[in-house]
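Input: a single structure, listed below in structure tokens.
Any read-out appearing in this document is the output of simple, stated calculations on the displayed coordinates, not a laboratory observation. Keep in mind it's a predicted model, so treat the numbers as computed, not measured. Don't worry about glycine lacking a Cβ; one is built from the backbone with ideal geometry, like all the others, and counts go over all protein chains shown.
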């Protein structure tokens, strides 16, 4: 009993949990050697065994505390929208921000389709041996590049979709001639304005070969001989015409001055003879004198009239015809001697430059089939847009491409055109548009990241000049006159405010009126 009284006198801060829990001390602990209970067993064992209600209350308290903390976190994250009271309106604050409208698409990143480089037969007389350096995989072919050297002659790359299928010569016309002239203009060489392969075109082809450092195609020896013979024939015809013209001029002159005086004197002598005869009265003499006068007058008339030069004129006409024929033959000979463009020395490729993807030949080998395959050297993005989005887009708009690593790359819209739908596709999903985009200064690493990927494309199409007031579209209602309105809440009261709307984007609408940032507008109840 003395020990119990000492325990009762312990200071408050020394009182353990065992002393605060009622119960039989001796019933819960084994006896010691002196018949007293062990302190360690007499406290906690009773808590664990006989006070289950206490533990249930403690556990419920912990659960409530956790739920209260989570609820507080949810309330703090949802402070943009609030409900003032039970059954009251749901409101959000009016924000001041820059609002922009963007078109978001998915696009495929790819090079142009691969094209095989095949050398046409052209004017090759022997085997097509590759005699020059072959481009390596990854090399770029552009206009005026020499794709190959075959039998010592270049294969010049020019822009064009139609492959070379014949050697182009003077006098020819057609789509291949038109393509050649367009390609020459594209590289800064003037081929002339006609649609025929003429002397101007041949001179342009000579300039083309000079640009790439090769001699122009040789003209056949027989063509040169034909030109020389035609030139000699023209010279001879010109001389013959000159001689005939001189003879005609001489024949056209008529009587000279002395002959004219002689004929006029003869007429006057005859007149005097007639006068003498008439004064003598001799009829026979008068008749003879009159006959002599008529003869003299006739001779004068004939002597002064234009001479007959029909023979000389005919000779001149014949000489002119001969000259025209000789000149025509010379023109034909010159055409045959104009520089041609052999089909085996030009390679037309669409959408230059091009990247060499595969090489199938080597120097010293005989070329058989395609020499190489090339694809577009510039990576492009092609996205598909709906009709609504396509109406907002145009060439020149800035865009951004999301790379696979999460970074962004600047791009520009280059074309927006209706997409040619597959059979039945348009009926199922409606007409769509192809949107082409060009990347702005991509690095080789970025190109490799994008190649063959389907990427996210973001195109801003319109934005406010600065910060404006915006509200969710759900906050707007239409008034009786069609005007736009919002309901502003303050405390338990609300008021309707008429506003003007502007740009709409991402579910938000620009507004202006008697309203300020921070005012709360009703979006639902």
Q: Can you figure out the FRET efficiency of residue 295 with residue 123, using R₀ = 60 Å and their beta-carbon distance, to the nearest 0.05?
A: 0.15
Q | Point-to-point label distance, residue 172-residue 195, nm (Cα→Cβ direction, 7 Å offset) | A | 1.7
Q: Could you work out how far apart the two model spin labels at residue 496 and residue 113 are, taking each label as a point 7 Å from the Cα in the direction of the beta carbon, and quote it in nm?
A: 6.1
Q | Proxy reagent accessibility, fewest Cβ within 10 Å first, across 511, 189, 458 | A | 458, 189, 511
Q: Multiply the residue gap between residue 417 and residue 218 by 0.36 nm, knock off their C-alpha separation, and tell me the result in nm, one decimal place.
A: 67.0 nm
Q. Which stretch or stretches of the stretch 458-499 have amide N atoms under 14 Å from the point lying 7 Å from residue 90's Cα along the Cα→Cβ direction?
A. 472-476
Q.
If each residue of separation counts as 0.36 nm, what is the full-extension length gain between residue 473 and residue 325 once their alpha-carbon separation is subtracted?
A. 44.6 nm
Q) In nm, to one decimal, how far is the modelled label at residue 410 from the one at residue 304, with both set 7 Å along Cα→Cβ? A) 9.8
Q. In whole Å, how far is the Cα centre of the stretch 453-497 from that of the stretch 212-250?
A. 86
Q: Compute the separation of the alpha-carbon centres of the stretch 302-346 and the stretch 151-210 and state it in Å as a whole number.
A: 31
Q | Linear extension gain, residue 288 paired with residue 232, 0.36 nm per residue minus alpha-carbon span | A | 13.8 nm
